[in-house]
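First up is the structure itself, then whatever we jot down about it.
The values are calculated or read from the model by the stated rules, or taken from the named source; none is laboratory data. All of these numbers come straight from a predicted model, not from anything done at the bench. Positions of Cβ are backbone-derived with ideal geometry, glycine not excepted, and every protein chain shown enters the neighbour counts. Accessible surface areas use protein heavy atoms only, side chains included; no ligands, DNA or RNA. Shrake-Rupley method; radii C 1.70, N 1.55, O 1.52, S 1.80 Å.
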Amino acid sequence: MSEAALRTETRHDEAMAAARRAGVVWRAYAGAARHLFRLVVPSLLVFVPIGVLSLAGLAMVTDESAAQVNGEFQLLGEPGWPLLVWTLVTLLASLAGQAVVVPATVVLAAGLLTGRPVTASAAMRATMRRWSPLLSLTLLGALVFVVIAAAGLGMLLWIEHLLGAFLVMVPLALLAMPCLVAVAIVVLEGASAGSALHRAYRLLRAVGPTNGGLWSGAFTLAFGVLILPAAAQQAVLWGASGHPLAHGVATSVLGLATPAFQGMVIARLLLHRLAIRRLVTEFGQIVERLPECGPSPLRPVRVVAALLLPGLLYGGTMLVNPFGWLEVTQTVVTASWSREGAAEPQPDGRPKPAISGWDLQAIHAGEGGRMVMLMDSFAQAKLLTCTDSTCARTRYAWAEPVGAAETPRAPAARLVGGRLVVATWAQQGDPFDEDWRARLGLLMCDATGCVPAPGGRPIAEATQDTEDRIVAMTQHPYGGLMLAQVRPLPGQDGEMLSVTRCDDPACTSPRTKDVAKLPFSTSSYQDRGLVIGVAPVADPVVLRFDEDTGAISVITCEDHECARMRVEQPVKGGETWRHEEHRDRSGATMAIRYDGRPVIAYRDSADGSIRLLDCRNQACSQADTAVLSAPGQDHLAPALVLDASERALVAYQDLDREQLVVAACTGTRCTHTPVAKMRNSPGFGLAMTLDGRGRPVIAWMDGSPYYDDWHLVVTVPHSVP
């Protein structure tokens, strides 16, 4: 035997001895990390141009649905055709690139594992020469994926349980894993697609009690090629969340480096199975078929620059935002919350408050940039306090004391300085007894909790006959409060509207006056049926929404003493198709301009559309109407604020596009800006305020409380055009 042949045989023996060692995945990952700069070159040559071109093209085909949410690019609505076509082109190019990069990396890995390293260009040429069987394997893999997905979906539809679909899909996916070894056999042994598949399954069959088998090889491929890279990707996404540049660089580097580890696992598993079965001839043929070339010189600076380039471009684009995409900060407040309250009692004997999908009533700007949400439905009211407008950190506590009446729902108003005042009913006796009484008082709330208003006096009293009351409250321009109440008239049709004036926030001297009889029926469960505002001359402006007919009445004073009241009905209401289950979605809200003219946003009960009334005078005897959304049975009543330029900002749900939208209206000329994507069904809570920078802060329920897939979300668009 010649000296060259002896050296070759010795090299083969050493390579087989190294390949025979157990621990395929961790040895492959260690080898990939050690030779990363060589193994990553095919990925750089293919994916860096695709990534740069796709990012450049994305900027040209995006439309108004594009936004930066928490520093990351997202589509808030259905993409247009140009974006769909470009996405499809990019996806196909990426899949084609993957079909080239992974086999080429397998060739590079095999050369390193057998002591016969090859250049990246030679590995890619060897891959391209095998394009026909590789294409057949790629198409077969796509077909297998479709079959597995269809089987899982069929099981899910059959038993309506996700675990059943999981139990069907996982074994099928494991059985398909040897197809990856077939890729290595095609490029390293020159086999056809069919023979490579047959050989891959035959090679991975049981070869002894200690040497693994088909399932062992399938799990090795699943962990090394799919599970561990996916887990690393999720860890990177979590660690770099909120940091666009770090997120872009980390995901780019990881995405480009992943094929190096995948190719090394596939190559090492193939060589490992050949070695433990002592297939010396086949092992030697793989080595001899490797391209005749030496290793290429390392250029670490170029490799590092290419690894960082896509991430730096993406991160820089997100930081600078040269294309003017809408910037949004969004927090899913209840992402880690339990739907049930904690069992351990608090000092007052109550458990910690739970949260439900019905609770959200209002959001107010608090002290020091805090946001305070009033939560109230079928128990005592709670306050959810956020440290800032993003609501990333929260405090959730009871607002009303023990013994407060659970209905009617508590209103709140923001005071100068950011404190909150909450109206609460203190009850006496059993609610089912005839002598039951409840007195309306005030609580003063800050970040630490709520206490009774010092020196406050009862504002009103409810009995069994007048229990169904609705209360609305607002701050008086001179530092006090103004409250509106409607109560049923025992033995009569309609209700009585009264207004209470308080000269100080504690309401130490309340002055209440009945001002108008209205032909409506009162329901204490109605959330958005009564609103009070204050005109520039400190006179009340009251809005009353009739949930039965959809009529809207505006009640104002004809004189400064409010001796005579004026009742206008800008929306007459009438026949409605609203179903009983959508009763809680009805309602209206109002804001008062500096000149005293009201602006009203409401859900039209006749067709379910969201509309805006721009009143021409304080009494709203004449008004212009803008239709903000198409009719929809599931629409929720909108939220409304006025910005610094007195534009009306209306937040509403666009059910057709599954978006949360903010309409900015000057008069009835409105622009519509999607600010969030609804992931679940339309929820039962929507509230809005302005933070200290004049940005709208929108709290909303994503998903119906009838199911368990709802969440409380806070969305802050940085600007609304």
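Brief remarks on what is shown
- Estimated purely from DSSP H runs of n ≥ 4, each contributing -39500 (n - 2.57), the mean residue ellipticity at 222 nm for the chain is -11500 deg cm²/dmol once divided by its residues.
- Surface share of carbon and sulfur [accessible, 1.4 angstrom probe, percent] for segment 582-703: 41
- With every protein chain in place and a 1.4 angstrom probe, the accessible-area ranking of 304, 168, largest first, reads 304, 168.
- Most positive-pole-ward Cα, 147, 22, 90, against dipole of segment 9-152 from beta carbon charges: 22
- Heavy-atom accessible surface of segment 175-327: percent carbon and sulfur, 1.4 Å: 65
- Here's the picture: a label point sits 7 Å out from the Cα of residue 643 along the beta-carbon direction, and within segment 593-612 nothing has its amide nitrogen under 12 Å of it.
- A Förster radius of 51 Å combined with the Cβ-Cβ distance from residue 223 to residue 566 puts the calculated FRET efficiency at roughly 0.10.
- On the beta carbon distance between residue 354 and residue 293, with R0 = 60 Å, the FRET formula returns roughly 0.35.
- Of the GluC sites (Glu not before Pro) in segment 367-450, those whose Cβ has at most 10 other Cβ within 10 Å and which sit in DSSP loop: 434
- Stretched out straight at 0.36 nm per residue, the stretch from residue 78 to residue 144 would grow longer than its current Cα-Cα span by 20.9 nm.
- Three-way shape call for segment 604-719 based on the alpha-carbon gyration tensor, with the a/c threshold at 1.5: oblate
- Computed 3J(HN,Hα) for segment 371-378, one whole-Hz value per residue from the Karplus formula 6.51 cos²θ - 1.76 cosθ + 1.60 where θ = phi - 60°, is 10, 10, 10, 8, 10, 7, 8, 10, glycine and proline marked x.
- Segments 555-565, 282-292, 217-227 sorted - mean Cβ within 10 Å per residue, highest first: 217-227, 282-292, 555-565
- Only Lys, Arg (+1) and Asp, Glu (-1) charged, at Cβ; segment 575-721 dipole about Cα centre in debye: 520
- The residues of segment 565-721 expose, per residue, 38 Å² of accessible area to a 1.4 Å probe.
- Taking all protein chains as they are arranged and a probe of 1.4 Å, the heavy atoms of residue 145 leave approximately 150 Å² accessible to solvent.
- In segment 473-549, chymotrypsin sites (Phe, Trp or Tyr not before Pro) in a DSSP loop with at most 12 other beta-carbon atoms within 10 Å: 478
- Interchain or long-range residues, amide H under 5 Å from residue 470's placed H: 486
- Within the accessible area of segment 371-486 (1.4 Å probe), percent carbon and sulfur: 49
- Solvent exposure of segment 454-506 as accessible area per residue, Å², 1.4 Å probe: 41
- Once the chain from residue 235 to residue 189 is taken as fully extended at 0.36 nm per residue, the excess over their C-alpha distance is 12.9 nm.
- For the chain, the list of Cys residues with no other Cys C-beta under 4.7 Å reads 179, 293.
- Take the Cβ atoms of residue 393 and residue 243, set R0 to 22 Å, and the FRET efficiency comes out at 0.75.
- Rounded if a/c under 1.5, otherwise prolate or oblate - segment 83-167, Cα gyration tensor axes: prolate
- Between the entries (1) 50.3; (2) 30.2; (3) 38.1, the label attached to mean projected area of the Cα convex hull in nm² calculated for this structure is (3).
- Model label points for residue 457 and residue 158, set 7 angstrom from Cα along the Cα-to-Cβ axis, are 7.4 nm apart.
- Accessible area expressed per residue, segment 96-153, with surrounding protein chains retained (probe 1.4 Å, Å²): 43
- Phi-derived couplings, Karplus 6.51 cos²θ - 1.76 cosθ + 1.60 at θ = phi - 60°, listed residue by residue for segment 27-41: 5, 5, 5, 5, x, 5, 5, 5, 10, 4, 4, 7, 6, 8, 4 Hz, with x used for Gly and Pro.
- The dipole here belongs to the chain: it is taken about the Cα centre, uses +1 on the Cβ of Lys and Arg and -1 on the Cβ of Asp and Glu, and is about 4140 debye.
- Scaled against 2.2 N^0.38 Å for its residue count N, the alpha carbon radius of gyration of segment 216-291 is 1.50.
- Sorting 159, 185 by solvent-accessible area of protein heavy atoms yields 159, 185, largest first, with a 1.4 Å probe.
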